[in-house]
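The values are calculated or read from the model by the stated rules, or taken from the named source; none is laboratory data. On a predicted model such as this, the values are computed, not experimentally measured, just so you know. Reconstructed Cβ throughout: ideal geometry from the backbone, glycine too, with neighbour counts over all protein chains shown.
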Amino acid sequence: MDNIKYSIIIPVFNEEQVIEHTYERLKIVLDSTAETYELLFINDGSRDSTVDILKHLGKTDNHIKIIDFSRNFGHQIAITAGMDYAKGDAIIIIDADLQDPPELILEMIEKWKNGYDVVYAKRTARKGETFFKKQTAALFYRTLRAMTDIEIPIDTGDFRLIDRKVCEQMQNVHERNRFVRGLVSWVGFKQTAVEYERDERYAGETKYPLKRMLKLSIDGITSFSYKPLKIANYLGAALSTIGFIYMLVVLYQKLFTTTTITGWSSIIVIQLFFSGIILMMLGVMGEYVGRIYDEAKNRPLYIVQDVYSVENQTKTIVT
Ligand code: UDP
Ligand code: MG
């Protein structure tokens, strides 16, 4: 099986409740293409029986390959490892929980055959997700769009097909706090969309609690924009202008009128307001400095403890 046409990358983290079902649906779709393919599962440090189920399935189906991480490195890193190991001419990234319908892969393949290098799946609706998640996601994609100069498609997750050449370019991008969908846009090439309605999670629960969503959003913005840093500049300029005008007013009152200026409350309010802004801007700087620190340490992006059914496996630790 050297000439693989399609590689499917499936990151899994504690997905024992869905994984078998996902495998079956993927298999039906991929078999229907009558081409060679591999199902590349990246086990992102699952603590349940996910890997055992996969290994068991692998005994009867040699399309199944497993990259087993030494611990949980996160969804974006898992996808990245998938791209490092994928051998196919077209590589498809899909979630394990069946929120991304495997059947859409066929539509993506059609577009790819028509000459597109990246086919991303754009959500027209999201079922079974909370009002809060939908609203924050919508807000995030729009903020990101306003903040960055490169075209990152709105309402689009990592569910997408990429051509081999895009995948190879992605392997040259080594940054640590990754926002993969943004990087794929950054790499460029001919891109297009297919639309779909995002289903509910088939079983189990989300592995993206609010804290991780926030981290991903900040990664997205800081990886592609300096604008948050510039905000400090603009805010500073605006506030000093206001301060200067107010100074003139105060001087005038002092010199030419008899109005007494009482001040305790206003000073406290101003003091709190400005300390807040200064600390916040320090925090923004901290986000960037922390990321520089991560890059400077130059640790491997992930550590693989085991691979299963992956041929000529030369990389155990990939940076
Ligand atoms: N995932 C992962 N590592 C993590 C978190 C999630 O590999 O640390 C996988 C998870 O198994 C799933 C995909 O990433 O296949 C998307 O996660 P999830 O469905 O929980 O996110 P949501 O759809 O709720 O945003
Ligand atoms: Mg999901």
| note | Reported set for region 65-86 where residues are within 9 Å of ligand 1 (Cβ to nearest atom), within 18 Å of GLN171 (Cα to Cα) and either in a loop (DSSP other than H, G, I, E, B) or acidic (Asp, Glu) (or both) is PHE73, GLY74
| task | Scan region 190-217 and report the pairs whose first residue is closer than 18 Å to PRO101 by Cβ and whose second residue is in a strand (DSSP E or B) and within 12 Å of ligand 2 (Cβ to nearest atom), with Cβ atoms within less than 7 Å and a gap of 6+ or a chain change. | result | TYR196/ARG123; ARG198/ARG123; ARG198/ARG126
| task | Using the structure shown, decide if ARG25 is assigned to a helix (DSSP H, G or I) and more than 11 Å from ligand 1 (Cβ to nearest atom). | result | yes
| request: State all residues of region 173-226 that are within 15 Å of ligand 1 (Cβ to nearest atom), buried (at least 16 other Cβ atoms within 10 Å of the Cβ) and among the β-branched types (Val, Ile, Thr); if no residue qualifies, say none. | output: VAL180
| request: Might you let me know whether region 84-98 holds any residue that is of a type in the set (Asp, Glu) and within 16 Å of ligand 2 (Cβ to nearest atom)? | output: yes
| task | Please list, ordered by first then second residue, the pairs with beta carbon atoms under 6 Å, 6 or more apart or interchain, first in region 290-311 and in contact (Cβ under 8 Å) with a residue 12 or more places away in the chain, second of a type in the set (Val, Ile, Thr) and part of a strand (DSSP E or B). | result | PRO300/ILE317; ILE303/ILE317; VAL304/ILE67; VAL307/ILE67; TYR308/ILE66
| said: Need the failing condition index for VAL289 against (1) assigned by the TED database to the domain that holds LYS87; (2) assigned to a helix (DSSP H, G or I); (3) of a type in the set (Val, Ile, Thr), just the number. | reply: (1)
| field | Boolean, GLN135 is polar (S, T, N, Q), closer than 23 Å to PRO209 by Cα and surrounded by 19 or more Cβ atoms within 10 Å (Cβ to Cβ) | value | no
| query | Looking at region 157-172, which of its residues are more than 19 Å from GLU110 (Cα to Cα) and either modelled with pLDDT of 90 or more or more than 12 Å from ligand 1 (Cβ to nearest atom) (or both)? | reply | GLU168, GLN169, MET170, GLN171, ASN172
| message | If GLU16 meets every condition in (1) within 12 Å of ligand 1 (Cβ to nearest atom); (2) closer than 16 Å to ALA78 by Cβ apart from one, which number is that one? | response | (2)
| said: Please go through region 211-250 and give me each residue that is of a type in the set (S, T, N, Q) and part of a helix (DSSP H, G or I), ordered by number. | reply: SER217, THR222, SER223, ASN233, SER240, THR241
| field | Qualifying position, being among the aliphatic types (A, V, I, L, M) and assigned to a loop (DSSP other than H, G, I, E, B), among VAL284, VAL310 | value | VAL310
